[in-house]
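Everything below concerns the one structure shown next.
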Amino acid sequence: MIQRIQSVFLFLLVLSMISILFIDIWSKTDTTSGQTVTLTAFSIDTHFLNNEGEPTNTGSTQSQGAIAIGLLAIAAAVIALYEIFQFKSRLTQMKLGLFNTLVLVALFGTTFYQANYVANTMVASDVSGTYEAGFYMPVLALLLNALSNRFIKRDEDLVRSVDRLR
């Protein structure tokens, strides 16, 4: 049944994975030159800021692909959405939940690597970068996935206990 609590958790997981596609994950600004690097789900972009903090066209800008983050986020959202509609087979749901956990851990690891090792070297600055809201979305998704797996297991245990009574 779609109205179960684990379906709500899985739907929130889908929303968090869709939101990571549209918000910034990490950013760093060099205070002396005004150069800023921003990590999003599909690219790492550098640009220069003017005195008001708005991007300008002066100076050379770089762009590098970070498409793995976006693809892993889309995969996690699709798996969770498919898992919602597999409510008749709780064992399949549990397997999909385990697989989605692996995808989410890979997403978090890829995001961490891209932020700290790839994007961090694009701007030479002593200031460390800041993690934006998008960086925490895989952590939220992992939590929601764990909660949904817990409630799916609880339903499976309940069905097995009722079968023993028959």
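The values are calculated or read from the model by the stated rules, or taken from the named source; none is laboratory data. Since this is a predicted model, take the numbers as computed values, not measurements. Glycine also receives a Cβ, built like all others from the backbone with ideal geometry; neighbour counts cover every protein chain displayed.
Yes/no matrix, rows are residues, columns are (1) more than 19 Å from residue 118 (Cα to Cα); (2) modelled with pLDDT under 85; (3) touching a Phe, Trp or Tyr at 6+ places or on another chain (Cβ under 6 Å):
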site	(1), (2), (3)
5	yes, no, yes
12	yes, no, no
30	no, yes, no
38	no, no, no
54	yes, yes, no
68	no, no, no
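When 124, 115, 75, 106 are checked against the criterion of being surrounded by 15 or more Cβ atoms within 10 Å (Cβ to Cβ), within 30 Å of residue 34 (Cβ to Cβ) and aliphatic (A, V, I, L, M), 115 stands alone in meeting it.
Taken across segment 98-110, residues that are in contact (Cβ under 8 Å) with a residue 40 or more places away in the chain, within 16 Å of residue 151 (Cβ to Cβ) and not in a helix (DSSP H, G or I) do not occur at all.
Residues in segment 82-95: is at least one in a helix (DSSP H, G or I), among the aromatic types (Phe, Trp, Tyr) and either surrounded by 14 or more Cβ atoms within 10 Å (Cβ to Cβ) or touching a strand residue (DSSP E or B) at 6+ places or on another chain (Cβ under 7 Å) (or both)? Before the answer, list the steps.
Taking segment 82-95 first, the residues in a helix (DSSP H, G or I) are 82-84, 90-95.
Of the ones still in play, those that are also among the aromatic types (Phe, Trp, Tyr) are 82.
The next check asks that each one be either surrounded by 14 or more Cβ atoms within 10 Å (Cβ to Cβ) or touching a strand residue (DSSP E or B) at 6+ places or on another chain (Cβ under 7 Å) (or both); those that pass are 82.
Among the residues of segment 82-95, at least one is in a helix (DSSP H, G or I), among the aromatic types (Phe, Trp, Tyr) and either surrounded by 14 or more Cβ atoms within 10 Å (Cβ to Cβ) or touching a strand residue (DSSP E or B) at 6+ places or on another chain (Cβ under 7 Å) (or both), which makes the answer yes.
Can you name the residue in segment 127-166 that is touching a residue at least 24 places away in the same chain (Cβ under 8 Å) and outside any helix (DSSP H, G or I) and, of all such residues, is surrounded by the fewest Cβ atoms within 10 Å (Cβ to Cβ)? Among residues in segment 127-166 that are touching a residue at least 24 places away in the same chain (Cβ under 8 Å) and outside any helix (DSSP H, G or I), the one surrounded by the fewest Cβ atoms within 10 Å (Cβ to Cβ) is 128.
Looking only at residues in segment 117-126 that are in contact (Cβ under 8 Å) with a residue 24 or more places away in the chain and polar (S, T, N, Q), which one is nearest to residue 66 (Cα to Cα)?
The first filter runs over segment 117-126 and keeps only residues in contact (Cβ under 8 Å) with a residue 24 or more places away in the chain, leaving 118-120, 122-125.
In the following step, the residues that additionally are polar (S, T, N, Q) were identified as 120, 125.
Working: 120: 13, 125: 21 Å.
By that ranking, first place goes to 120.
Give the number of residues within segment 120-161 that are more than 17 Å from the chain's Cα centre (by Cα) and of a type in the set (A, V, I, L, M).
First, the residues of segment 120-161 that are more than 17 Å from the chain's Cα centre (by Cα): 120-129, 149-161.
From what is left, the residues that are of a type in the set (A, V, I, L, M) are 122-124, 127, 152, 158-159.
Of the residues in segment 120-161, 7 are more than 17 Å from the chain's Cα centre (by Cα) and of a type in the set (A, V, I, L, M).
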